[in-house]
Each structure stands twice: as structure tokens, then as C-alpha cells.
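The values are calculated or read from the model by the stated rules, or taken from the named source; none is laboratory data. These figures come from a predicted structure and were not determined experimentally. As a convention, Cβ positions derive from the backbone with ideal geometry for all residues, glycine included, and neighbour counts pool all protein chains shown. Only protein heavy atoms, including side chains, enter the accessible area calculation; ligands, DNA and RNA are left aside. Shrake-Rupley method; radii C 1.70, N 1.55, O 1.52, S 1.80 Å.
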There are 2 protein chains.
Amino acid sequence: VTQVTGEHVNQVPETTIERLPVYLRCLHEAQAMRIPVISSIGIAQMSGGNAAQVRKDLSYLGEFGTRGIGYEVDSLAGHIAKALGLTQQRRVALVGLGRLGSALLSYGGFGDRGMTWVAVYDSDPDKVGTPAGGGLLVRGSAELAATLPELGPDIAVITTPASSAQEVADALVAAGVCSILNFAPVTLEVPEHVTLRQVDLSVELQILSFHLAEGS
Amino acid sequence: VTQVTGEHVNQVPETTIERLPVYLRCLHEAQAMRIPVISSIGIAQMSGGNAAQVRKDLSYLGEFGTRGIGYEVDSLAGHIAKALGLTQQRRVALVGLGRLGSALLSYGGFGDRGMTWVAVYDSDPDKVGTPAGGGLLVRGSAELAATLPELGPDIAVITTPASSAQEVADALVAAGVCSILNFAPVTLEVPEHVTLRQVDLSVELQILSFHLAEGS
């Protein structure tokens, strides 16, 4: 689904990191159901994984649970949120306010997870100055170089058409952004010090298609 | 990022399956650049992976390349597309025409990959009967049980609010759908024979946040 570039010295395996947000969502659901304690089997069932994997993943956080009882839901959720850095507020900028950008801005669950939208850019002059949601006004992409460094986002999200994504990435990197999430269906090049994650929304459909091909 | 439930007897590892669409996108870019032959190192650079992993993944498809030369781009793209079942047309239904649903319908890259939208449902009476894109009219969600079996989608995509996603999943399963892609931020329960993939758009931001926390 995704790819990671850039350098990290990393003790927690990338596959484990990718599962932590899924566990966290399950724990939030358990909290909503007023479940105080959950077993690794319970987490596995909710997350679609297996219990041994859950125990191993959580052991990287120093969370071993209590044998025969399980994990305290509140405590475990807090540990995962802390490991993911969600206890600090993350400042996120978005470039490209098309349908996907609008969908992301209105998608529930970012705010709950410590993400704050701090800027929205679009190249369409008709959109500039209009409300983007969350009390933000759309800024013109031409202003990016001049305004983004002061806003100091931790992460930038690219939801432009594929044709302009590389140019936007270059501008973001020049403005000092070191973490980029790209939704445009194109492979981007960024310097080594920048962490880039690539999301291709059609990948999930292709994976389901694989399983259909296999079953037929 | 995602989870898979349901039974499959599967020789190709799930992690390999998840990388195949990424390789395919890179090969399409190579085709666009008129590159006839590509090495595993080249694919690794474009996809953000490593060459040994690329060679191992492709060996599951019986594709070994030519030592010292590489893979023929057209041929390899064809093999991956075939493995992913993309050479057959996949019929896809969408339930929930909010911002995210609209974004998916207009997202480039589904059509290229053998996906055809065959139906769009929404519960809002004001949307029913209006054009949804791709020559389709929005159908009312209440019609789903009566109309979906005849349309026979291979895959259904849920882009409803979290609060109605389980109800929609139940209706899809009752209508005979065996592959579901869920974008609603909630864990769904489906019978064993149904393949469910869960996409949480905030997961990628959380993964970037982990790397920020690690670096700080």
C-alpha cells in the first residue's frame, strides 16, 4: 500500500508501526463500549490479525499485559498514542483542495488523533480566500513558499492532480517540510532527509481483485 | 494500514500482494517514459523498496528477469496485471456519495486498472436520481437489496459515515457481495466467506507522526 523513503534508525519494525494505529482504533472502540480490559485475542479479532502478532507488536512498546487477563484498555491506548506521538499536537498542511482534499479535511478522526490542519493551499484562484473548513481560508499555491515556513507544519499532505504533485513536493521541501503524505497517483522524488509516504487509493481494490482472481 | 479477514488458501504472501500494485504503478511510469527494460534496483528505487525484496516478490509470479539485464517492462506489467486479475473487468459498487465517495469516483487510475463502477448508492433522497459520474445515476440505499444482486458487483466500497457502515455491510452481504472495501472509520463484522479490507485515511498520518516522535 505504502512506501517509506528517508533515513530512520528504527527499532520498531515498520510493519508493527503500521499496525499500531489499527490497534489504537480498536481500543477506542473498546473504550466506547466501556470494556476495561482486553485480551490479545480480543484485539486480534477486532483488528483482523492474530493474537501472537498482537502480543509481539505490543511488546515493542514494553506492554506485556497480564497473563490470563489481558491489557488495560485505557492504559494501552495511552501508551500507543504516546508511541505514535499523538499526545503532541501535529500541525498538518494540505495542498490541493479538490474532492479528495475536501474529503480529508472533513474526515472524522484526524482531530481525535492530535492532528490540526494549519493551512490549505490550492492553485485555483476562484478557491483562494474561501473557507476551507476548520476556520481556515484557502491560500493560493503561489503563496506557499512565502507563507509555509512561518506556519511550520510537521506534515504536508499532497492531494493535487498527478501532473503537479512533484512541483508541489519540491516547493514543500524548499519550505522546510520533512514529512510528506502523497495521495496523487505518481511516484515522487524527495531528498534523503524527507520522509515520504505514498497512498494509492486504487491499491486496495487491486488487492481485493487479486483475491477474486485467486478464488475463481 | 489494512486488515484482511476471510479465508484464503494463499501461496503468495499478503505483503507481496500489497506490493504488486505499487510495482505495477512504477512499471506504468516506466512505460510512459519509454523505458523498455528495468532492473530490480530500478524498480526498488521507484517503489521505495529494496532490490532483493523486488526479486523475491516477482519470483512468486514466476518472473525471474535476465541476470545483468533486468525485466522487460511491458511483459512484467502484463504478468502483474494478470496476477492481480486486472485483465478481467471488475465490477465495483459504491455506497455513500459524500466527499470521499465522490473523490473515489473521480480518482484517476481505477479505470486503467480494470475497475468499472456499476452502481452508486446514497441514503440522501436529494441525491437519488442525480448523475454520480461515469454515466451512472445515484440510487437510493433503500433500493440496494432489490437492485444490487442483478448488477452483480465483484467488489463493494463503503464510504458512508461510521454510524451506518455496519448496516450497509450487512445489506451488501445479504445481496451476495463477497469483497468489501471499507473507508468508514469503524471496524466491521462480516461472515467468514467475505473478504473485508479496512482503509483508515488517518493511519498514514499517524505513521508519519511516529517517525516524527522517533526523530525528536
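Taking 45 Å as R0, compute the FRET efficiency from the Cβ-Cβ separation of B:Glu214 and B:Gln89 and round it to 0.05.
Efficiency, rounded to the nearest 0.05: 0.55.
Could the peptides B:92-105, B:158-171, A:119-132 be put in order, highest first, of the mean number of other beta-carbon atoms found within 10 Å of their residues?
Descending packing order for the listed peptides: B:92-105, B:158-171, A:119-132.
Kindly give the distances from B:Gly176 to its copy-mates, label point to label point, with each label point 7 Å from Cα along Cα→Cβ, as nm values to one decimal ordered shortest first.
Distances between equivalent label points, in nm: 6.0.
Run the 1.4 Å probe and let me know the accessible area of A:Cys178, rounded to the nearest 10 Å².
The accessible area of A:Cys178 comes to roughly 60 Å².
What number, rounded to the nearest 500 deg cm²/dmol, is the helix-based mean residue ellipticity at 222 nm of chain A, given -39500 (n - 2.57) per DSSP H run of at least four residues and division by all its residues?
-13000 deg cm²/dmol
Scan the stretch A:56-94 for chymotrypsin sites (Phe, Trp or Tyr not before Pro) in coil per DSSP, keeping those whose Cβ has at most 14 other Cβ atoms within 10 Å, and list them by number.
A:Tyr60, A:Phe64
For the stretch A:66-216, which whole-number percentage of the solvent-accessible area (1.4 Å probe, protein heavy atoms only) is attributable to carbon and sulfur atoms?
Percent of accessible area from carbon and sulfur atoms in the stretch A:66-216: 52.
Residues of the stretch A:128-162 with amide nitrogen under 18 Å from the 7 Å Cα-to-Cβ point of B:Ser106?
Counting only backbone N, you get A:128-133, A:138-139, A:141, A:158-162.
Over the protein assembly as shown, what is the percentage of antiparallel beta bridges among all DSSP beta bridges, to the nearest 5?
25
Quick check on the stretch A:137-200: take the gyration tensor over C-alpha atoms, sort the square-rooted eigenvalues as a ≥ b ≥ c, and tell me if it's rounded (a/c under 1.5), prolate or oblate.
Oblate shape, in that a/c is at least 1.5 and b/c is the bigger or equal ratio.
Quick one: accessible area per residue over the stretch A:55-135, 1.4 Å probe, rounded to a whole number of Å²?
Here the residues of the stretch A:55-135 average 49 Å² of exposed surface.
Cα gyration tensor of the protein assembly as shown, axes a ≥ b ≥ c as square roots of the eigenvalues: rounded (a/c below 1.5), prolate (a/b > b/c) or oblate?
rounded
Assuming R0 = 25 Å, can you tell me the calculated FRET efficiency for the pair B:Ile41 and A:Asn50, based on Cβ-Cβ distance, to the nearest 0.05?
The computed FRET efficiency comes out at 0.15.
Checking an interface number: how much accessible area is buried between B and A, summed over both chains, with a 1.4 Å probe, in Å² rounded to 100?
For B against A, buried area totals roughly 6200 Å².
Just want the answer: with Cβ charges of +1 for Lys and Arg and -1 for Asp and Glu, which residue in B:Thr159, B:His211, B:Gln198 is farthest toward the dipole's positive end in the stretch B:154-211?
B:His211
Label A:Ala142 and B:Glu14 with points 7 Å out from Cα along Cα→Cβ: what is the distance between them in nm?
In this crude label model, A:Ala142 to B:Glu14 measures out at 4.9 nm.
Once the other residues with Cβ under 10 Å from the Cβ of B:Arg139 are scored (Lys, Arg +1; Asp, Glu -1), what is the net sum?
Charge balance near B:Arg139 sits at -1.
Among A:Tyr71, A:Met46, A:Gly114, pick out the residue whose Cα is farthest towards the positive end of the charge dipole of the protein assembly as shown, where Lys and Arg carry +1 and Asp and Glu carry -1 on C-beta, about the Cα centre.
The listed residue farthest towards the positive side: A:Tyr71.
Under a Cβ-only charge scheme (Lys and Arg +1, Asp and Glu -1), can you give me the dipole magnitude of the stretch B:41-88 about the Cα centre, in debye to the nearest 20?
About 140 debye.
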